[in-house]
1. Take segment 263-289 and flag every residue that is in contact (Cβ under 8 Å) with a residue 60 or more places away in the chain and either in a helix (DSSP H, G or I) or surrounded by fewer than 21 Cβ atoms within 10 Å (Cβ to Cβ) (or both).
2. Between residues in segment 418-432 that are outside any helix (DSSP H, G or I) and residues that are not polar (S, T, N, Q), which pairs lie under 6 Å by C-beta distance while being six or more apart or on different chains?
3. Inspect segment 338-358 for any residue being surrounded by fewer than 19 Cβ atoms within 10 Å (Cβ to Cβ), of a type in the set (Ser, Thr, Tyr) and assigned to a loop (DSSP other than H, G, I, E, B) and give the result as yes or no.
4. Taking segment 83-102 on its own, how many of its residues are more than 8 Å from ligand 2 (Cβ to nearest atom) and either of a type in the set (Phe, Trp, Tyr) or part of a loop (DSSP other than H, G, I, E, B) (or both)?
5. Somewhere in segment 382-397, is a residue of a type in the set (Ser, Thr, Tyr), assigned to a loop (DSSP other than H, G, I, E, B) and within 16 Å of ligand 2 (Cβ to nearest atom)?
6. Is it fair to say Cys375 is at pLDDT 95 or above, crowded, with 22+ Cβ neighbours inside 10 Å, under 19 Å from the mean Cα position of the chain (by Cα) and assigned to a loop (DSSP other than H, G, I, E, B)?
7. Restricting attention to segment 59-82, which residues are farther than 20 Å from Gln385 by Cβ and near ligand 2 (Cβ under 8 Å from one of its atoms)?
8. Of Leu319, Leu324, Leu344, Leu328, which residue is within 16 Å of ligand 2 (Cβ to nearest atom), in contact (Cβ under 8 Å) with a residue 12 or more places away in the chain and of a type in the set (A, V, I, L, M)?
Amino acid sequence: MSQMPPDTAPLEHAATVPRGSGFHGPDRPKDVDYLHCIHCGLCLNHCPTYRLWGLEADSPRGRIRQMVLVDEGRLELGESFVRHIDQCLDCRACETACPSGVEYGKLVEYARARIERDFKRPLFSRMARHLAFRNLLPHPSRIAATARVLRFYQRSGLQKLARSTGILKLLGLADRERLLPRIDDSFFFTNLGRTFPASGPRRARVAFFAGCVAQVTFTQLNKATIRVLTANGCEVVVHSGQLCCGALAAHAGVRDAARDLARKNLAAFLLEDFDAIVTNAAGCGSTLKEYDHLFSREEAEHEQAVAFRAKVRDVTEFLATLGLSAPLQPLPLRVTYQDSCHLLHGQKIRNAPRELLRAIPGLEFVELPYSEICCGSAGVYNVTQTKTSLDLLAEKMNHAAATRAQTIVTANPGCLLQLRAGTQIHHTNQNILHVVELLDRAMKTPIT
Ligand code: SF4
Ligand code: SF4
């Protein structure tokens, strides 16, 4: 393990130094947010990038130190700072490990917002970020149009050709292309505006949050989620006014785009009273539960976001609390579970998915060593930091193979994509499923 570099030695009296050109309002951490860090280092071995490289500057403590120095104007907001912050997965494992209550997720999102405002990234990167966060993700029709183009690429033989001719390697895109999700034959968007009745007596009325890219890559997962909810007595409303949750934009520091999306989702979901707003995507759920962080207390949206967050539930959390009422058929499978970072570290949900899996008769559940460490998916991290993402994935697939489980289960679409790519790259021949997909199989409900 490397020694702490001089520029990351613990800082004393950080809050007494006059501030530089920080943000004001809801984006800016208070001095006390930084001062929670007592430099104890208990987070270090829980941090995936520190575990890989052993560098203080790529540890939670080292990153917080750099954020403080930049905020005070004592460290240049330049390439070195940007690199260390970009290399952070925003997995928030450090939050779970921290005995001092450091809200690292808040701090890194603020640092990224500062970078977005004050640092000029290379032209291609600026264009790609502008395109993704402002021109694509907030617009369902553009997501669908892009997905159709990608589907043509995947189904027409172009993908095979590109892979076999080596052109992807030549363009430096081979690794990224391997992580591209398979586009669905039909998209979930056609279900927006529909209400699915509960089977049997109604136990709850819920709104389903369907995601953005998930609507063109996880249509079957979304349908399975609705089947499991309705089979367990829930009426499910798929609200037509919903948009992307804004998680990817917020994590990238594009907070105005995230705020715009949050405003629209708040307006759509608070029109009606639901028992819960349910999501099957841990990354979305974590952001939806933190919409209040995007607004100052003076803004009307803050109060709305507090009311909204009280209703948001991950589907595993919701079902484990409601209790399964639909009969489960035996599934004689050996199964392991990878914790999704934004479920475990973002939402502090560990037991609910395990309880649901253990409720399936005949299923043999084995814990995955280091399941709390990120698989390398982390939003768009596998696209922006592909090598690190693949290194983390390789370690994950090694641990998963050691469990001898036939199926790896997780609770977030991003993790599903990453682990599916992992089984192909490492030829482990394991099945990758969401918790609700396994429940759906055990319920043997008719496929609609
Ligand atoms: S565990 Fe918490 S207090 Fe200790 S160094 Fe890490 S972030 Fe700071
Ligand atoms: S969020 Fe994850 S990668 Fe970033 S500092 Fe914390 S543990 Fe490390």
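1. Within segment 263-289, Phe269, Glu272, Phe274, Asp275, Ala282, Gly283, Cys284, Gly285, Ser286, Leu288 qualify.
2. That search, which allows pairs on different chains as well, returns His426/Met397; Thr428/Met397; Thr428/Ala401; Gln430/Ile408; Ile432/Ile408; Ile432/Leu416; Ile432/Leu419; Ile432/Arg420.
3. no
4. Residues flagged as more than 8 Å from ligand 2 (Cβ to nearest atom) and either of a type in the set (Phe, Trp, Tyr) or part of a loop (DSSP other than H, G, I, E, B) (or both) within segment 83-102 amount to 5.
5. No, every residue in segment 382-397 fails to be of a type in the set (Ser, Thr, Tyr), assigned to a loop (DSSP other than H, G, I, E, B) and within 16 Å of ligand 2 (Cβ to nearest atom).
6. yes
7. Scanning segment 59-82 gives no hits.
8. Result of the check over Leu319, Leu324, Leu344, Leu328: Leu344.
The values are calculated or read from the model by the stated rules, or taken from the named source; none is laboratory data. Fair warning: this is a prediction, and the values are worked out from it, not measured in the lab. Glycine gets a Cβ as well: all are built from the backbone with ideal geometry, and neighbour counts include every protein chain shown.
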